[in-house]
Amino acid sequence: MIRTLTAIVLRPTPFQEGGLVVSFLTEEGERVVGLAKGAKKPSAKWVSAFEPLGLVKVGFWGKEHVELRRITRCELMHSPLTLGHLESNLVVACLADLFDRVAREGVEDVRLFRLLSACGRVLKAQPERAMAVLAYAEHWLLHCLGLLPHPRLCGHCGRGDAPLVLLTEEHGWRCAACTPVDPMEALPPGTREYLRELRTRPAEECPDPEGDEAARVITRLLRDRLHRELGGRLKSYDVLERLI
């Protein structure tokens, strides 16, 4: 059985005899995996088709319930990689790792494909805003996983006019009106406003994660929360922080 999909490349992993096992995110938001035999050989017809976050038209051959199908074709339609822009290309690797861990085989979530597609477009058009794109993606991935409550109202008292001072797993965002917190440990002023920008702006206009103290604190907070959910820090992030 041959199946052709439009998908985004996530992670290519070396396999025996110059092959690659490649994971993809389909338009339906499902993770699929295929084997590309001989893909690493210089003469391979698709030698550059498996770039992380590349948008491809990929064909699979194999029975319906076989876990690893053979890749029969892979045509690269768009790549967010930018020649000579280290920061953007490192963020591409981080995003590929994140979505490879979040997406599930047999589980469709079209929001994942829409989010990753939008991030890829912005990285190509505005590579200098790579860190903003990464923070934007992390925020929305937590939302897709059901781990990030809406910041409009305090999760404990329901107020929407008091500053947010804490994020808890039990009640979500909590405000200064009902939650006494040491000022040195409370979230900084501007937290609610930064979260509102993350939720309401499109990817092309995502806010600067280093814009002020609130942006920096929330970026670290959400990143740590996402990594905990994924079972630990991803190596691509270590490389990013070591080189940038």
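Each value in this text was obtained by applying a stated rule to the coordinates, not by laboratory testing. This structure is a prediction, so every number in the text was calculated from the model and none was measured. Cβ atoms come from the backbone with ideal geometry, glycine included; neighbour counts cover every protein chain shown.
Going residue by residue through region 187-200, is there one that turns out to be without any contact (Cβ under 8 Å) to a residue 12 or more places away in the chain and more than 17 Å from the chain's Cα centre (by Cα)?
Yes, because at least one residue in region 187-200 is without any contact (Cβ under 8 Å) to a residue 12 or more places away in the chain and more than 17 Å from the chain's Cα centre (by Cα).
Residue under question is Ala214, and the condition is that it be in contact with a Ser or Thr (Cβ under 7 Å, 6 or more places away or on another chain) and either touching a residue at least 24 places away in the same chain (Cβ under 8 Å) or of a type in the set (S, T, N, Q) (or both); does it hold?
So Ala214 fits the description; yes.
Quick one: in region 162-198, which of the residues that are part of a loop (DSSP other than H, G, I, E, B) and touching a helix residue (DSSP H, G or I) at 6+ places or on another chain (Cβ under 8 Å) is surrounded by the most Cβ atoms within 10 Å (Cβ to Cβ)?
Going through the qualifying residues, I end up with Leu187.
I need the full set of residues from region 112-133 which are among the polar types (S, T, N, Q) and part of a helix (DSSP H, G or I), in order please.
Result: Ser117, single match.
With the requirement that a residue be buried (at least 17 other Cβ atoms within 10 Å of the Cβ), touching a residue at least 60 places away in the same chain (Cβ under 8 Å) and not in a helix (DSSP H, G or I), what does region 134-161 give you?
Passing the criteria: only Leu148.
Looking at Leu86, Leu53, Leu68, Leu81, which one is at negative phi and buried (at least 16 other Cβ atoms within 10 Å of the Cβ)?
Selected residue: Leu81, the only one of Leu86, Leu53, Leu68, Leu81 that is at negative phi and buried (at least 16 other Cβ atoms within 10 Å of the Cβ).
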